[in-house]
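Just so it is clear, none of the values below were taken in a lab; they were calculated from the coordinates. Note that the structure is a prediction, hence the values are computed from the model and not measured. Using ideal geometry, Cβ is built from the backbone for each residue, glycine included, and neighbour counts are taken over all protein chains shown.
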Amino acid sequence: MTVSTDQRQDTPIPKAGSEAAVVVEAPRSLSSAGKAPAPRRQATPSSALSSRELGLDLALILARYLCKTDHLHYGYWSSDMSIELANLKEAQERYTDLLVSHIPEGVESILEVGIGSGALTHRLIQAGYRVDCVSPSPYLTARARELLGDGPQIFECRYEDLQTPNRYDLILFSESFQYVRLDKAISISEAHVCPEGYVLISDFFRKETTEDGPIKGGHRLHEMHRLLETCTLRLMTDRDITDQTAPNLDLLNDFSQRVIVPVKERLFGFLAQKYPLPYRALYGMLRKHLRHAETKYLSGQRNGAAFRKYKTYRVLLFQQGCPGSAAAAPPRLVAQSVGAGADG
Ligand SMILES: C[S@@+](CC[C@H](N)C(=O)[O-])C[C@H]1O[C@@H](n2cnc3c(N)ncnc32)[C@H](O)[C@@H]1O
């Protein structure tokens, strides 16, 4: 599929330290420097597999086979890229470059929350950062260990259940923030980031709308805003990359319309003809779930336009307890109304 790129307002990926929106001055030495390594501690692995976890496991299997990529995020689709599966890996590399470019100077230790198969972790370690990870999914954790070996400490638990005395120069969420309870995500990050350290969140949020739209997920941006007013994290950078991430939804929609829908129709038609009685019995039993899945995934509504309408994808950098932050300008984290364009 080739989608017109006209509607995408491309934002160039900044080089490290060249972010135009906000200049972040990192302290020379952050308090984690020279810390003795903390004892390895494993929290209780989460028990039951949720449908979201299963979805991520399957997404990784497909992404690896079809696109030769280990990343589980949307990617950053610059306007020079045609929107096709073959370009997903490149878009994901550009997104990774973008994220890394937002890590302030002086950061040495990172806690990465929700590492998927560890592809970003690997990149961070190669760049010289000391990285610990949080990963609640047994399947994804096993894939990450294959890639990362015994190097980084992986806390095999939900972020909400993290038990460690460690503090980090930076806590990083790459499309994992939406999975963590909002209040916990903020309060736990406040507890585990060094004084004057950073929290970097890259994820999509729901705009303030009366209806939720066909794409689930994401915390409500105005709830995030409300929480931030009472916490010690100060917003340093707020970058809107909705236009550059939305094409991923067009890609998935194209795949579902041109592959999954016809495969499903051919398969169901065959089963109905060959095994009419068991087919009807089974279809009757699963009717509700199948209809739900069809409306949700196969109706063609989950596309880039719907994403732009109902979601806003942000790269947000916060700094903990900046001296004098109370006197500084209040955070600019504006939820757009439906139909408005990205605010850049
Ligand atoms: C969409 S994937 C993103 C993976 C990776 N960060 C990337 O950018 O490719 C979401 C990740 O969040 C993790 N996750 C889900 N719920 C979580 C929770 N409550 N605490 C921490 N991580 C969670 C999943 O296991 C998965 O690794």
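Between GLN163 and LEU182, the simple label model (points 7 Å from Cα in the Cβ direction) yields a spacing of 2.9 nm.
Apply 1/(1 + (r/R0)^6) to the Cβ-Cβ distance of ALA127 and LEU66, taking R0 = 45 Å, and write down the FRET efficiency to the nearest 0.05. Can you show the working numbers first?
Details: r = 28 Å, r/R0 = 0.61.
Once rounded, the FRET efficiency stands at 0.95.
Amide H contacts under 5 Å for TYR313: PHE205, ILE241, THR242, restricted to partners 5 or more places along the chain or on a different chain, H placed in the peptide plane at 1.01 Å from N.
Amide H contacts for GLU112 (H built 1.01 Å from N in the peptide plane; partners 5 or more residues away or on another chain; cut-off under 5 Å): ASP132, CYS133, VAL134, LEU172. Below 21 Å Cα-Cα, how many Lys pairs turn up in the range 237-327? Only count pairs eight or more apart in sequence, or on different chains, if you could. Total qualifying Lys-Lys pairs in the range 237-327 comes to 6.
For the range 149-221, the set of trypsin sites (Lys or Arg not before Pro) satisfying both a DSSP loop assignment and a count of at most 12 other C-beta atoms within 10 Å is given as LYS216.
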